[in-house]
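Inspection log for the structure reproduced underneath, given as structure tokens.
Since every read-out is calculated from the coordinates, none of them should be taken as a lab result. None of the values given here were measured: they were computed from a predicted structure. We place every Cβ from the backbone using ideal geometry, glycine too, and count neighbours over all the protein chains shown.
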Amino acid sequence: NGGSSTINGKLMNDIELKTVSSETNGGWIPIGYWDETASWAGKYFAGVFEGNNHTITLSSITTETKYRSTGIFGMVIGGEIYNLTAKGTNASEVMTGGIVGAIKDGKIEKCENYCTIVAEIGIQRAGISGVADNSEINNCKNYANINGYSQVGGICGWIQNNSKIDNCINSGKIVVYGYELVEWGEYKGNYGQSGGIVGISYQGEITSCTNSGS
């Protein structure tokens, strides 16, 4: 988050991410984060991260509103993430994923998520990435329960602009609480978008995927 966005990394051990800094309310600061002042503005990861089939556990995450998009990686633009497993919990409200909060022009491949996305508040929440824009998510799996108001999916909450989800599996429970009261005929209730693989898609492509989660 200091400005060197194209660093490449390879994980050599299973690790747990936590901080005790009072400046972050005791939580992990994601790698990259969305700046609310403009679309896709802020700090972002643009390198290649090789998880090397190891696991990163989120024991706690910052509650500072500055860090709008959260996961192990908060925001990725043009970056690639491979062979990484996420565990723990994440309670952030917007653009929340076990691996990535939001990704644009990038790729996530062969990643798995056991990190539960908790609390009913929040949108664009998923096991792998909260938001994907012109990106690929391939051969990924989600086993964790995902909760949110709307745009909640097992793999991705929101995909757009030719994003592609291929050969992915969800077995986690998807719970959407809805955030807008609507009436359709005799039906009256809270409206929210959700799916086993993707919560909502604009010009996205989903192929060879399987959902067994309720």
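For segment 31-99, the list of trypsin sites (Lys or Arg not before Pro) that fall in a loop by DSSP and count at most 12 other C-beta atoms within 10 angstrom reads Lys66. A Förster radius of 45 Å, combined with the Cβ-Cβ distance separating Asp105 from Glu186, puts the computed FRET efficiency at roughly 0.50. If the cut-off is a Cα-Cα distance under 23 Å, which lysines reach Lys107, setting aside same-chain residues fewer than 8 apart in sequence? Reachable lysines: Lys10, Lys43, Lys87, Lys141, Lys164. Cross-link partners for Lys173 among the aspartates and glutamates, with Cα-Cα distance under 14 Å and sequence neighbours closer than 8 places in the same chain left out: Glu120. For the pair Asn161 and Asp35, a Förster radius of 25 Å applied to the C-beta separation gives a FRET efficiency near 0.80, rounded to the nearest 0.05. The calculated P(r) of the chain, using every Cα pair and 10 Å bins from 0, goes 10, 39, 37, 11, 2, 0 in percent. Give me the distance between the Cα centres of segment 143-174 and segment 64-123, rounded to whole Å. Spelled out, the Cα-based centre of one part sits 11 Å from the other. Remark: relative contact order (segment 125-171) = 51 percent; criterion is Cα-Cα distance under 8 angstrom and separation of 6 or more residues. Here is the list for segment 105-214: GluC sites (Glu not before Pro) lying in DSSP coil, each with at most 15 other C-beta atoms within 10 angstrom of its C-beta, are Glu120, Glu186.
Mean sequence separation of contacting Cα pairs (under 8 Å, at least six apart), scaled by the length of segment 64-201, corresponds to a relative contact order of 19 percent. Cross-link partners for Lys104 among the aspartates and glutamates, with Cα-Cα distance under 12 Å and sequence neighbours closer than 8 places in the same chain left out: Glu80, Asp133, Glu136. Backbone phi angles across segment 28-37, fed through the Karplus curve with coefficients 6.51, -1.76 and 1.60 (θ = phi - 60°), yield HN-Hα couplings of 5, 8, x, 7, x, 7, 7, 8, 5, 6 Hz in residue order; Gly and Pro are listed as x.
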